[in-house]
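Novice: The structure follows.
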Amino acid sequence: MNGFVLAGGRSTRMGRDKALLPYAGRPLIAHAVDLLKMAGVEPHIVGARPDLAAYAPVIEDLHPGCGPLGGIEAALAASSSELNLFLPVDLPLLPAAFLRYLLQRAEISGADATMPTWGGGPEPLCAIYCRDLLAGIRESLASGNYKVMHAVENAVRPSEVDLFSVEAVAATRDDWPLDPPLRRWFQNLNTPAELALVS
Ligand SMILES: Nc1nc2c(ncn2[C@@H]2O[C@H](COP(=O)(O)OP(=O)(O)OP(=O)(O)O)[C@@H](O)[C@H]2O)c(=O)[nH]1
């Protein structure tokens, strides 16, 4: 299975490139690529980032400037896998055990999209998408709608989206790590203040 770190963002809120931002002594991109490897998927980086090629093969967006949806399009277009795991570059506290669960869940359910919700909201950049979503995603891009959630809903029938609550699943599992605590797993680092909170 292929895994993709979305790394083509502009990091305007952080004020410096998030992919190369040091966290626990290593750049965020290194954490994200290692997370994919620990989950057992083949890592790739998506975005106009030839400077990150030492970490994993880089795939450039086919339609730059469309945000993460442009990265998802390029990844699905290049992928040889039926199922594809996506991760943003700025979630260093997410445990590999959760990604392994996500993969297992997608393989068992056969859903076209497998997506966690956390704190009541969907996490469409930390999700598994079937390659067949490409056509629907391209329709959204062509119509100028770059919202990932909208594009996924457009690309699949609701019955084919497996949207599940991380908190509800966590309550049933005793093999998920307690450190970092669940409330921090999806804490993405958008601003210097958010970075300071986890440093
Ligand atoms: N491939 C690709 N990835 C993107 C693009 N825009 C954002 N991303 C990635 O998507 C994830 C979430 O992006 P955000 O943090 O919301 O956006 P950002 O542009 O990095 O940061 P801001 O400029 O502060 O909004 C990050 O991992 C980004 O690197 C894009 O145009 N192409």
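Novice: Confirm whether Ala19 is part of a helix (DSSP H, G or I) and surrounded by 20 or more Cβ atoms within 10 Å (Cβ to Cβ). Step through it out loud before you land on a result.
Specialist: Working: part of a helix (DSSP H, G or I): no; surrounded by 20 or more Cβ atoms within 10 Å (Cβ to Cβ): yes.
Here the answer is no, as Ala19 does not meet what is asked.
Novice: Turning to a different aspect of this structure: Pairs please, first residue from the range 42-71 and closer than 12 Å to Arg10 by Cβ and near the ligand (Cβ under 8 Å from one of its atoms), second anywhere and among the charged types (D, E, K, R) and open to solvent by less than 40 Å² (accessible area, probe 1.4 Å), Cβ atoms under 9 Å, 6+ apart in sequence or on different chains.
Specialist: Here the result reads Gly47/Asp61; Ala48/Asp61, each pair linking the range 42-71 to a residue that is among the charged types (D, E, K, R) and open to solvent by less than 40 Å² (accessible area, probe 1.4 Å).
Novice: I'd like to check something: does the range 133-147 contain any residue that is within 11 Å of the ligand (Cβ to nearest atom), open to solvent by less than 10 Å² (accessible area, probe 1.4 Å), touching a residue at least 24 places away in the same chain (Cβ under 8 Å) and in contact with a helix residue (DSSP H, G or I) (Cβ under 7 Å, 6 or more places away or on another chain)?
Specialist: No - not one qualifying residue is present in the range 133-147.
Novice: Additional query: Would it be correct to say that Pro124 is under 19 Å from the mean Cα position of the chain (by Cα), closer than 21 Å to Ala32 by Cβ, open to solvent by less than 20 Å² (accessible area, probe 1.4 Å) and not hydrophobic (A, V, I, L, M, F, W, C)?
Specialist: Details: under 19 Å from the mean Cα position of the chain (by Cα): yes; closer than 21 Å to Ala32 by Cβ: yes; open to solvent by less than 20 Å² (accessible area, probe 1.4 Å): no; not hydrophobic (A, V, I, L, M, F, W, C): yes.
Criteria not met by Pro124.
Novice: Restricting attention to the range 167-199, and to residues there that are over 13 Å from Leu91 (Cα atoms) and of a type in the set (Asp, Glu), which single residue is nearest to the chain's Cα centre (by Cα)?
Specialist: Across the range 167-199, the extreme among qualifying residues is Glu167.
Novice: Counting just the residues of the range 159-187 that are among the β-branched types (Val, Ile, Thr) and assigned to a helix (DSSP H, G or I), which one comes out surrounded by the fewest Cβ atoms within 10 Å (Cβ to Cβ)?
Specialist: Ranking the qualifying residues of the range 159-187, first place goes to Val169.
Novice: Given the options Gly3, Gly71, name the one that is under 24 Å from Val161 (Cβ atoms) and assigned to a helix (DSSP H, G or I). Even if it seems obvious, please write down each step before you answer.
Specialist: Numbers: Gly3 fails: assigned to a helix (DSSP H, G or I).
Gly71 is the lone residue from the list that is under 24 Å from Val161 (Cβ atoms) and assigned to a helix (DSSP H, G or I).
Novice: Mind checking which residues of the range 188-198 are surrounded by 15 or more Cβ atoms within 10 Å (Cβ to Cβ) and part of a loop (DSSP other than H, G, I, E, B)?
Specialist: Residues satisfying the conditions are Asn188, Leu189, Asn190.
The values are calculated or read from the model by the stated rules, or taken from the named source; none is laboratory data. Predicted, not measured: the structure shown is a model, and the values here were computed from it. Glycine also receives a Cβ, built like all others from the backbone with ideal geometry; neighbour counts cover every protein chain displayed. Ligands, DNA and RNA are excluded from the accessible area calculation, which covers all protein heavy atoms including side chains. Shrake-Rupley method; radii C 1.70, N 1.55, O 1.52, S 1.80 Å.
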